[in-house]
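Note sheet for the following structure.
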Amino acid sequence: MQKDFVVFENVYKRYKMGEITINAANGVNFSINEGEFAVVVGLSGAGKTTVLNILGGIDSCDEGRIVVGGKDISHLGSKDLASYRRYDIGFVFQFYNLIPNLTAKENVELATQICKDHMDASDALNSVGLHDRKNNFPSQLSGGEQQRVSIARALAKKPKLLLCDEPTGALDYNTGKNILKLLQTKCKEDGMTVVLITHNSAITPMADRVINMRSGKVISNIVNENPLPIEKIEW
Amino acid sequence: MKALTKNIFREIKNTKSRFFSILAIIALSTGFFSGVKASSPSMIETGRSYITDKNLMDIRLVSTVGFDDDDIKAIKEMEDTVDVMPGYSADLIRTENNIDSVIKVLSLPEKTDTNNKLINETILIDGRFPENDGECVIEDYFARTKGFGIGKEIIFNEKIQGNNTTDIIKQLNYKIVGIVNTPLFFTYQRGSTTVGDGTISFFIMLPSDQFVTERYTNVYVTTKASDPDIDPLTDEYKDIIKSQKDDYKLLADERIKVFNETTLADAKKELADAEKEFKEKKQEAEEKLADGEKKLHDGEQEMADKLSEGYKKIADAEKELNDGKEQLADGQKKYADGIEEAKNKLADAQTQYNDGLTKYTKGKLEYDTEISKAQAQLDKAQSEFDIQYSLFFGTTKPDAENKLNLMKTAIDICNEAIDKAEKRINELETAIEKYTEPPEEIDELHALIDEYREKINEYQKQYNSGIQQLSDGEQKLNEAKAQLDEAHNTFEQKKAEGLAKLTDAQIQLDTAKSQLDIGKLEYETALTTGMLEMQAAQTKISEGEKELEKGKAELENQKAEGLKQLKEAREKLATGKAEAKEKLGDAENKLNDAKDKIESLNDADWYIFERDDNPGYSGLVEDAQRVDNVAAVFPVFFLLIAALVCLTTMSRMVEERRTEIGTLKALGYSNFKIVSKYLVYSAVASVIGSAVGAVAGIFTLPFIILDTYSMMYCLPASKLVIDTSSLALSAGTGILCTCTVSVITCLGELRQKPASLMRPKAPKPGKRILLEYITPLWNNMNFTSKVTFRNIFRYKARFLMTVIGVAGCTALIIGGLGLKDSLSVIAPLQYEEITIFDQIYALKNEGTSQQQAYLMSQFHADKRFSETALVSQNWTTVSYNNDNNKINLRYIIAEKHDESEKFFILRDRITHEKVALDDSGIIINERLSQVTGITKGEMLNMTINDVPYSFKVSGITENYAGNYIYMTPSFYEENTGKKLKYNLVYTQLTEEGKKDERDIANDWMKKDEILTVSLIHEQLEGILSTLDSLDVIVLVLVICAAMLAVVVLYNLTNINISERVREIATIKVLGFYNMETANYIYRENIILTLTGALIGLPLGNVFVSFVVEAIQMDMVMFPKYVTPISFFYGFALTILFSLFVNFIMFFRMKKISMVESLKSIE
């Protein structure tokens, strides 16, 4: 278990909207250990999505240092960032972002085909419990099932880091719970480092680490010694 | 501003690329359509205003006998006539650099008392109008294209078809002082002529006073048809003119009658008088001639007699002379013989004398020698004796006596010595007894006495012999004396003897000598005498000869003189004859001229021409029509594609704004308000687009096209006519299409409940495509290929739109290029494959068949022709559609119709099978069949020389330029009952001959039988140059098509990308590199473009047929022909544009932010 697997040091991100400059990340500092299930919470506009974007290589920071698995990604060019995304990051979107024109299996294959070391698409789908729906198109799947495909797509790449952007945001309570359970299982059983963003602080007890953000800053970074299984959490 | 209005403008601002692509497409199609559509009316208007402004004549009258003022007056008085302007025209020849060219010389329009306005007013382009004699103005087209302008001088040939040029115009030299255009000539065409090679190279204009012709050659008339209310380019005008022409025809008949009764009658009377006079003169001259001839004959006889007499005399003299000569020869011979004999004799005598002389000389010599010898011996003996004598007595005897004395002395001495010695001895012997000792001295004295004794003996002996010798010598001397005396006597005797002999010989010799001398003298005398005699004879003979020569010379002189006199007489007669003949000939010529004139006057005719007969006049309308036809096809197609693309774009936009529509609806906005947003959006885009396009199109395309045509036309600056109806049509179509589409799509969306509208539209479900069921293929496909194919078939509408749009662009490009291909193939097809003869010679008069046969034999004899054929070619009118429509065309009857394929090919256009021409019917060309609707086996109605016939069509042949009917001579004669007359000769040149085509034409034009020559080659060049002008139009088409292609492809790709922004962002998040992302999208684009371009190929082919069909004319069949290279260009250009668009789109795709993927679905 590597300590400080993910490190943010004084990360700034500014957006210019006309004459106003918004500090979306205003000196963010935190670290996450390998294998941890980290939850970033905060209200809308607290800067958690910015942090996730920077961490996922989707966006770049203006200032500061970000280290993932010993690699500084804060100054990578667009091509290196693409490689970083390709090999190190698994991304789970709030709206699943499946390609509607591809079956579940093909959506997973979309990710695996560009990775050297990857899981078999079927295995990945099996591991998220979609044994029977592999050849279905997204429109033929429920939201939870789509999110499972999305998770399978992220996991199939064998990423170092699994990033989830409000994965339950578009799901109903129970389905959301199931998804969270799946993520927790993946983290605990496979040792996957998971960073999850949510505005729902109710789910923080299930996390190994809870990072609380407000106004582009980390206001607390608490390690939860005794995370609860998701079943025991109600909100 | 209301929120909704703001929304509209913000929408436009936010979707600039969409807005502008709609705008651009509408602008392009509207601009193209209105621009091309405006070209044709602009061309026509330019021509029309030219006609009206310059007061172009409506009717042009030409008379074979010219017009006089009465004619002009009569024309002026016609009811239809508005103005009349008489004028002159002549076709003259100029030879420069050995090339003949025909120049049309026209009179400048001038104001006369019969017209209020100038008719055919000329436009001065440069310089000034002529002010002095010897100045002219030249046409603009020639000056412009050949650089033959102001300051150049034109020098006409002195003769023109046997007439003096100065009988037509004042001078031969004219200096160009200005450049003009006249409405009489719209185009570069100058019409044909009967002089030179039949083509007019350019025209010049002179003031009327430069013409010296008595009667006007042309009369220009404006009629009531040129009323400003009547459009001169319509059928209405044509109909009016047609009816007016009939009226003028009536007037013409009337005026011809008047002419025949006055001018012609006068001329005839004059002719009769002249004929009478001529006859009289002829007779007189003939009589005189006969007289002269008789005199000459007598003279000849007399001279012959005299001559024979003279010759006889000469012959006699010659005989005498010859006799004399003979005698002389004999005498000469005899003389020679005598001389010879005498010579011989003389020679003998000489020889004898010489011998005698020799002998004598020899004898004398011998005698002299002997004498001298004997004398010498004698002398010698005498001298020897003398010597011996003197020696003996002088020397020897005394010497001997001295010696003898000496000897005696010596003997005495010795005896003394002996005595002495003996005395001693005695003494001594006495002494001996005294002395017993010295005995020796005694001994010595004894010895000495002995010695002396001995010596005395010796001397005694010698003395005795000397005495002996002396007596011997004395004896010998006495003997010699005796001998000498004897010899002397003998010598004297011999000498006397010899002398006697010599004298005898001398005497003999002298006698011979004198005899010889006498002989010699005799011989010489004889020689001289003979010589003299002979010389005398010779002199006589030469005298005789001289006399003879003299006589001969005299005779010759007399003969020459006689001959000279005769010759002179003959010459005089000949001159007289020639003079008489010339005079008669002149008179006869004059008479014939007068006859011809009267004959031509007899055939006096007026030709009535209208504007359509002006060369190139109707071409303008035809060209305008062609441009209009192109405009009818191309832009419509263009507009269709534009509408299609707008439709796609707008429907896509409405779909994108689904949530917004739902929200607005939920907020309670009326459907109208909601729809109005999209309506306004599309209306603004399309109205602005139409406006921009219309302005750009109208102010560029007509000028480009008109400029192109103005190269061929001699028109003033182009007039722009905005065809409002087509402008409205094109703008309207664009606006309507775009707006209707947006309204319909929007309304379609609005039919749904707001709630469902607010929910994101369920993405179109993924579907298995047909290809997946072909498992082996599908499973082996690359993953991205699978995605690509599934995407292609998922959005069928987009697929269709793209393919149709791209195919349309390809087709448009091919259409433009194919149009050019089709047009440019006409000339080579027509003139290299169908009408393969090179020249047409029009015969002046059809003549008898023998005359024609003779002419044809001349044609055959000209080795520059490889083939020649007699052809009858005449105009006929074909009526069709129940006689409602008529078409004028020519029928061709070749004498050797079975060999017609040497001149023109009758074949099926598609199969190229020969169409047989036989007596079963006529063959018509394909276009005629298309126009009339009459096909093989049907009957064609045609009128030949006002007689209607109906012939069966037995075949249809390929032909492009012009309409023709072909038949056999026997078919013609059988069916019309008329004798066929041939009026043309078709010729084909050899390879050699082709180089001097023009020279050959000029050579033949000099023949009286030939009226005109048409060179197919030059016709071809004319047609080709016309087609060149289409290049610009084709270029315009291709550029517009290319622009459309770019815009369409851009728009479609743009839609494709904006529809899939989320998808693109997602795969970027998944770690796709930029190129991989681009390929993910482009693969589809490329396949769609390729599919579209491929479909565009046959579509283009069809499109070309469509365009070609649209521009077909009654007289010309445009073949549809697209070269492979045009297909290639169409395809390649589309692909190129597509790649270009993809290249631009790559940057847009790169810009798509991955953050898009995190956004919720709208």
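Just a few scattered comments:
- Condition met for residue B:1066 (crowded, with 22+ Cβ neighbours inside 10 Å, within 14 Å of chain A (Cβ to nearest Cβ) and not aromatic (Phe, Trp, Tyr)): yes
- Residues in region A:123-147 that are within 7 Å of chain B (Cβ to nearest Cβ) and in a loop (DSSP other than H, G, I, E, B): A:137 only.
- When residue A:17 is tested against (1) under 30 Å from residue A:125 (Cα atoms); (2) away from chain B (no Cβ under 14 Å); (3) out of contact with any strand residue (DSSP E or B) (no Cβ under 6 Å at 6 or more places or on another chain), just one condition goes unmet, and that condition is (1).
- Any hit, region B:724-745, residues being in contact with a Pro (Cβ under 8 Å, 6 or more places away or on another chain), at pLDDT 75 or above, crowded, with 17+ Cβ neighbours inside 10 Å and not assigned by TED's automatic domain parsing to the domain that holds residue B:186: yes
- When region B:389-408 is filtered for residues that are within 14 Å of residue B:453 (Cα to Cα) and surrounded by fewer than 17 Cβ atoms within 10 Å (Cβ to Cβ), only B:408 remains.
- Residue match in region B:307-319 (condition: closer than 30 Å to residue B:69 by Cβ and either among the small types (Gly, Ala, Ser) or assigned to a helix (DSSP H, G or I) (or both)): no
- Evaluation of residue B:872 against (1) part of a helix (DSSP H, G or I); (2) in contact with a helix residue (DSSP H, G or I) (Cβ under 8 Å, 6 or more places away or on another chain); (3) in the same structural domain as residue B:944 (by TED's automatic domain parsing) (one fails), failing number: (1)
- Qualifying residue in region B:1028-1039 (condition: free of Cβ contacts under 8 Å to residues at least 24 places away in the same chain, more than 20 Å from residue B:1136 (Cα to Cα) and within 12 Å of another protein chain (Cβ to nearest Cβ)): no
- Matching option when the condition is surrounded by 14 or more Cβ atoms within 10 Å (Cβ to Cβ), small (Gly, Ala, Ser) and not in a helix (DSSP H, G or I), among B:178, B:151: B:178
- The one condition in (1) more than 9 Å from chain B (Cβ to nearest Cβ); (2) crowded, with 19+ Cβ neighbours inside 10 Å that residue A:44 fails to fulfil: (2)
- Count of region B:603-632 residues, restricted to those that are part of a helix (DSSP H, G or I) and not β-branched (Val, Ile, Thr), is 16.
- Screening residue B:17 on (1) at pLDDT below 85; (2) surrounded by 18 or more Cβ atoms within 10 Å (Cβ to Cβ); (3) under 21 Å from residue B:687 (Cβ atoms) shows it passes everything except condition (2).
- Test: residue in region B:1108-1121 that is crowded, with 17+ Cβ neighbours inside 10 Å and closer than 23 Å to residue A:86 by Cβ: no
- Residue within region B:222-235 that is in the same structural domain as residue B:89 (by TED's automatic domain parsing) and in a strand (DSSP E or B) present: yes
- Qualifying residue in region B:784-793 (condition: out of contact with any Phe, Trp or Tyr (no Cβ under 9 Å at 6 or more places or on another chain), over 22 Å from residue B:1046 (Cα atoms), modelled with pLDDT under 75 and of a type outside the set (Val, Ile, Thr)): no
- Taken together, the criteria exclude residue A:38 from residues that are surrounded by 16 or more Cβ atoms within 10 Å (Cβ to Cβ), among the small types (Gly, Ala, Ser), more than 16 Å from residue B:1068 (Cβ to Cβ) and within 14 Å of another protein chain (Cβ to nearest Cβ).
- Of the criteria (1) of a type outside the set (A, V, I, L, M); (2) at pLDDT 90 or above; (3) under 21 Å from residue B:792 (Cα atoms), which one residue B:1058 fails: (2)
- Subset tally (residues that are free of Cβ contacts under 8 Å to residues at least 60 places away in the same chain and either under 30 Å from residue B:1000 (Cβ atoms) or part of a strand (DSSP E or B) (or both)) for region B:64-109: 3
- Reported count of residues in region B:1125-1159, each being away from chain A (no Cβ under 14 Å) and either within 24 Å of residue B:804 (Cβ to Cβ) or in contact with a strand residue (DSSP E or B) (Cβ under 7 Å, 6 or more places away or on another chain) (or both), is 21.
- When residues of region A:70-122 are limited to those that are among the basic types (Lys, Arg) and crowded, with 17+ Cβ neighbours inside 10 Å, the one farthest from the other protein chains (Cβ to nearest Cβ): A:105
- Whenever a residue of region A:221-235 is outside any loop (DSSP other than H, G, I, E, B), its partners that are aliphatic (A, V, I, L, M), lying with C-beta atoms within less than 6 angstrom and at least six residues away or across chains, give the pairs A:221/A:211; A:222/A:210; A:230/A:180; A:230/A:206.
- Residue list for region B:820-851, restricted to those being farther than 30 Å from residue B:1033 by Cα, assigned to a helix (DSSP H, G or I) and hydroxyl-bearing (Ser, Thr, Tyr): B:849
- Whenever a residue of region B:927-946 is over 26 Å from residue B:1110 (Cβ atoms), its partners that are of a type in the set (Gly, Ala, Ser) and surrounded by 15 or more Cβ atoms within 10 Å (Cβ to Cβ), lying with C-beta atoms within less than 6 angstrom and at least six residues away or across chains, give the pairs B:941/B:879.
- The residues of region B:956-1011 that are surrounded by fewer than 18 Cβ atoms within 10 Å (Cβ to Cβ), touching an Asp or Glu at 6+ places or on another chain (Cβ under 9 Å) and among the hydroxyl-bearing types (Ser, Thr, Tyr) amount to a single one, B:970.
- Sole exception among (1) of a type outside the set (Lys, Arg); (2) within 12 Å of residue A:91 (Cα to Cα); (3) out of contact with any Phe, Trp or Tyr (no Cβ under 8 Å at 6 or more places or on another chain) for residue A:149, by number: (3)
- On inspection, residue B:673 does not qualify as of a type in the set (D, E, K, R) and in contact with a Pro (Cβ under 9 Å, 6 or more places away or on another chain).
- Yes/no for residue B:307 being of a type in the set (A, V, I, L, M) and at pLDDT below 80: no
- Restricted to region A:164-195, and to residues there that are touching a strand residue (DSSP E or B) at 6+ places or on another chain (Cβ under 7 Å) and part of a loop (DSSP other than H, G, I, E, B), the residue that is farthest from residue A:233 (Cα to Cα) is A:192.
The values are calculated or read from the model by the stated rules, or taken from the named source; none is laboratory data. These figures come from a predicted structure and were not determined experimentally. So basically every Cβ, Gly included, is an ideal-geometry build from the backbone, and we count neighbours across all protein chains shown.
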